[in-house]
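Shown next, in structure tokens, is the structure this report addresses.
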Amino acid sequence: MAICYFAVLLHILVNFALMLISGFYSGCKCSLYKCAVFAGFNCFLNWLFSILCFQPISGFFISLLICFLCSYLTFYKTVHCFCGVSIYILFQVLISMLSDQFDASGFANLIIIALCVLGIIKLSNQRGKNEKDVDIEIRYADKCVRFRALVDTGNFLVDPITGHSAIIAGADIGKRLLSLTQRQISEPVSAMETNKQLGFRLIPFKTIGCANGMLLAYKFEDVCVGEVKGSRLVAFAPNGLNGEHGYYALTGGNV
């Protein structure tokens, strides 16, 4: 009985590690709690269907379906959801090829795989320090928008009041969160004159080909940049940053 409990615990730990590494390489940022819950749920469903299913072929496809379901629920509403699902399923298929029963060789294979995954996670942490992009989540009223941003060390746009770096987001983000029109974003001075809502600001900027200009910005109180939460000023660019290259915003080097 103790061996059986050990096997279940080991499978949960391996699934948990695979969730983390799949999320990292796919760009899906998920909480440890969420990964742990669905890692355990994955093991429970596999145990349940192993009792109900006696045909190896159908059992294999059911296992794949379980992997898809649990990984999809884990990475749900993230930018690269299906990429994370695919990586997780590939890991699970590899494990099923190496170990398909609770015997000595199966335990040895699972332990080796778990150690390898932990090593990859450690290397991933080193890689993560040099990441060029970051996930951003903004909550406003009853709306929530998640998108990917490029970490641009050349972005020196700052909040003129606090001096903190500002996020430059595409016009689509402003439309989804604040129901701004393209004209309001393109003509920020006019928009400020007609819109007296608190929180809006004008931010001056300079760039190549443009001596000076203004961007319409809004101070959001609930913004998560990577793992850092707090209030941030978000400026809306009238052109570009439409997700064509996978990015919907730019942050400064200090995120």
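A few remarks follow.
- Potential extension, residue 164-residue 242 segment - 0.36 nm per residue separation minus Cα distance: 25.6 nm
- Pairs from the list 143/229; 143/219; 34/219 with a Cα-Cα gap above 19 Å: 34/219.
- Using the Cβ-Cβ distance between residue 44 and residue 94 with R0 set to 30 Å, the FRET efficiency works out to roughly 0.90.
- Order of 164, 11, 245 - criterion: other Cβ atoms within 10 Å of each residue's Cβ, fewest first: 245, 164, 11
- Subtracting the Cα-Cα distance of residue 9 and residue 175 from their residue separation scaled by 0.36 nm leaves 55.1 nm.
- DSSP-assigned coil residues among trypsin sites (Lys or Arg not before Pro) in the range 145-234, each with at most 11 further Cβ atoms within 10 Å: 196
- Label-point separation in nm, residue 187 to residue 228, each point 7 Å along Cα→Cβ: 3.6
- Here the simple spin-label model places points 7 Å from the Cα toward Cβ, and for residue 195 and residue 72 these points are separated by 3.7 nm.
A short reminder: the numbers here are calculations on the coordinates, not readings from a lab. What you see is a predicted model; the values in this text were computed from it and never measured. Because the Cβ atoms are built from the backbone with ideal geometry, glycine has one as well, and the counts that use them run over all protein chains shown.
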